[in-house]
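See below for the structure under consideration.
The values are calculated or read from the model by the stated rules, or taken from the named source; none is laboratory data. Just so it is clear, the structure is predicted and the values come from calculations on it, not from any experiment. Cβ coordinates were reconstructed from backbone atoms using ideal geometry, including for glycine residues, and neighbour counts include every protein chain displayed.
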Amino acid sequence: MSKTSHDRLSLILFSGDYDRIHYALAMASAAASTNRPVTLFLAGGSLKLILADIDKTPGWSQLRASENGKSPLEQDHENHENGIGTINELLGACVHFDVTFYRCDMAVSATGLADKEFREDIPIKSGGLVSFLSETEKEGSQIVFI
């Protein structure tokens, strides 16, 4: 199968590092904005990205600090000040461009998170590796592990 610009990009997000998550969202939203189908599969520490807010504090603020030592909230604020998309802006772009979100059932069970702890403003499919792999086969996907 020849590769075209419309081949699916599938990102497995496992890391809970702010920098890695932020860049993965930038990559996903950029690809989706060019009409490329994109799937994000969240597992491990990346599940913190889709945690619901607690007392007006974003759930994703529980991600690990940036490589420069700044907290996720500090780094997100700095990104905003520098004209770089924030986590919520990038998530919004992904939703707008119909990025498919999966949260790994196995990871949810391993972390003990409950459904009520996840954001409701993002259409997130619950599934496992079989669901994810079935989705990625649709358009000759490239899979990237982050």
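Between residues in the stretch 93-120 that are at positive phi and residues that are outside any loop (DSSP other than H, G, I, E, B) and not hydroxyl-bearing (Ser, Thr, Tyr), which pairs lie under 9 Å by C-beta distance while being six or more apart or on different chains?
Sorted first by the residue in the stretch 93-120, then by its partner, the pairs are Asp98/Ala32; Asp98/Val38.
Could you please tell me which pairs satisfy a Cβ distance under 7 Å, a separation of 6+ or placement on different chains, a first residue in the stretch 65-80 that is under 17 Å from Gly16 (Cβ atoms) and among the hydrophobic types (A, V, I, L, M, F, W, C), and a second residue that is modelled with pLDDT of 95 or more and not in a helix (DSSP H, G or I)?
Note: pairs meeting the criteria are Ala65/Ser71.
Being at pLDDT 95 or above, in contact with a helix residue (DSSP H, G or I) (Cβ under 8 Å, 6 or more places away or on another chain), in a helix (DSSP H, G or I) and charged (D, E, K, R) narrows it down to one residue among Lys48, Lys70; which is it?
Residue meeting the stated conditions: Lys48.
Conditions (1) surrounded by fewer than 18 Cβ atoms within 10 Å (Cβ to Cβ); (2) part of a helix (DSSP H, G or I), marked per residue:
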{"residue": "Tyr102", "(1), (2)": "no, no"}
{"residue": "Val108", "(1), (2)": "no, yes"}
{"residue": "Leu113", "(1), (2)": "yes, no"}
{"residue": "Val130", "(1), (2)": "yes, yes"}
{"residue": "Glu137", "(1), (2)": "yes, yes"}
{"residue": "Val144", "(1), (2)": "yes, no"}
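Take the stretch 87-111 and flag every residue that is of a type in the set (A, V, I, L, M, F, W, C), farther than 16 Å from Val130 by Cα and at pLDDT 95 or above. Show your work before the answer.
Step one: of the stretch 87-111, the residues of a type in the set (A, V, I, L, M, F, W, C) are 87, 90-91, 93-95, 97, 99, 101, 104, 106-108, 110.
Right, trim to farther than 16 Å from Val130 by Cα and you get 87, 90-91, 93-95, 97, 99, 110.
Residues satisfying the conditions are Ile87, Leu90, Leu91, Ala93, Cys94, Val95, Phe97, Val99.
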